[in-house]
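The values are calculated or read from the model by the stated rules, or taken from the named source; none is laboratory data. Everything numeric in this text was worked out from a predicted model, so none of it was measured. For accessibility, only protein heavy atoms count, side chains too; no ligands or nucleic acids. Shrake-Rupley method; radii C 1.70, N 1.55, O 1.52, S 1.80 Å.
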Amino acid sequence: MNPVVLTTTDGGRLEFACAPGQSVLEAAAAAGATLPASCRQGTCGSCHASVTDGPYDLGPHSDQALPPDEREHGGVLLCRTYPCGPLSATLPYEQSRILYGGIPVREATVAALEPVARDTVRLELRLDDLDCQFDPGQFVELQLPGTEVKRAYSPANTGNWDGRLEFLIRLRKAGQFSSYLSDRARPGDRLTVHGPQGAFGLHETGLRPRWFVAGGTGLAPLLAMVRRMAEWQEPQPARLLLGVNDPQDVFAVPELNAVAAELPGFRYDVCVWRPDPGWSGPTGLPTDHFAAALPELAGAAPDVYVCGPPPLVDSVLRAALLGGVPPEQVHRERFLAT
Ligand code: FES
């Protein structure tokens, strides 16, 4: 057995032993601590951590979940990390994101399902037990009725006591959950909800500006964050950039307008990559607008929150670093098509 020590950003320590052939994620779970994770097979990146000391083997994983440059600097995916001796690693989240009683499993009813843009739907669920507390940025896994198939989605709303969960979901061709939503789902259907889970979320850093960059339905966790800022009337200047491919893909404008009406320091732009003659808003990639706007802050580097497909997340990270934003101020959530 190899001893493992994990340290959270708020100084919490988790110590346990890892058997040969057991991943750090599995060993932590065996010791009663469920760490943020989703796919558990090296493809989503949500179990990311950094090894500070000790030898280990990394099992098969995708470069999108763990880019080679991060791997070279000690970045690991805990679901694919097998210690070969005593191991120490840091976790990029606070102790409160570790679940000691396992992942909550609850039943919910489909309350609404409606299209909001081309291939994009809004799904609303109502949890049976009405206790719907979670941190903006976290995700839940929705289990397809009658199957073991689960898909991770981040709520776009904020925690509440009405049991309400709202999702913005891009329908993907041949996706199992997408097929359910487009072909069979009806109000009144029953679904199983696993969560909340995950480490993505707002960080309290005083009055530092907050910038949000979303690719498509990567907007969902970021919308939850700015909605939370509006509910709490948080004073940080906040700017959001949403990128979509075509004008037909634009969604969530009423929701973003509602936040802008309630939160004085908030502004947002929707960037269309392939505009048509009827589109009068910003064009191109949100990354380019992000990079061009950074100098406006005159050295006051913002906290950056980015969620979307891996190429967008990686390009925003590169632009942020080039613009002088320290890496620890760039908070990322990659989502992969499933
Ligand atoms: Fe480890 Fe998805 S849980 S990469």
(request) Pop out the ³J(HN,Hα) list for segment 230-244 in order, Karplus 6.51 cos²θ - 1.76 cosθ + 1.60 with θ = phi - 60°, rounded to Hz; leave Gly and Pro as x. (result) 5, 4, 8, 6, 6, x, 5, x, 9, 9, 10, 10, 10, x, 10
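Determine the per residue accessible area of segment 207-338 with all protein chains present and a 1.4 angstrom probe, expressed in square angstrom.
I get 42 Å² per residue for this part.
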(message) In whole percent, and with a 1.4 Å probe on the protein chains, what portion of the accessible area of segment 201-338 is carbon and sulfur?
(response) 58
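Could you tell me what percent of the accessible area of segment 38-85 is made up of carbon and sulfur, with a 1.4 Å probe and every protein chain present?
Looking at segment 38-85 in its full context, I get 46 percent from C and S.
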(message) Quick check on segment 103-202: what does the Kirkwood estimate of hydrodynamic radius come out to from the alpha carbon pairs, in Å?
(response) 13.5
(message) Considering just Cα atoms, how many Å³ per residue does the convex hull of segment 266-323 enclose?
(response) 99
(request) Could you state the accessible area per residue of segment 1-74 in Å², with a 1.4 Å probe and every protein chain left in place? (result) 48
(request) Show the residues, 5+ positions off or on another chain, whose built amide H is closer than 5 Å to the amide H of SER38. (result) SER46, CYS47
(message) Give me the three principal axis extents of segment 139-197 from the C-alpha atoms, as integers in angstrom, largest value leading.
(response) 33, 20, 20
(request) Pop out the ³J(HN,Hα) list for segment 94-111 in order, Karplus 6.51 cos²θ - 1.76 cosθ + 1.60 with θ = phi - 60°, rounded to Hz; leave Gly and Pro as x. (result) 7, 3, 5, 7, 8, 9, 9, x, x, 7, x, 10, 9, 9, 9, 10, 5, 9
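Given the convex hull over the Cα atoms of segment 11-66, what projected area results after averaging over all orientations, in nm²?
Taking a quarter of the hull surface, the average projection is 4.4 nm².
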(request) Evaluate the relative contact order of segment 104-156 (contact order divided by residue number), counting alpha-carbon pairs under 8 angstrom at least 6 apart; express in whole percent. (result) 25
(request) Please tell me the relative contact order of the chain in percent, rounded to the nearest whole number, where contacts are Cα pairs under 8 Å and at least six residues apart. (result) 14
(message) For segment 50-153, what does the relative contact order come out to in percent, with C-alpha contacts under 8 Å and a separation of six or more?
(response) 20
(message) As a test of understanding, state the convex hull volume per residue of segment 200-338 from its alpha carbons, in Å³.
(response) 110
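What whole-number volume per residue, in cubic angstrom, does the convex hull of the C-alpha atoms of the chain give?
Roughly 138 Å³ of hull volume per residue.
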(request) Whenever you get a sec, compute what percent of the accessible area on segment 93-158 sits on carbon and sulfur atoms (1.4 Å probe). (result) 48
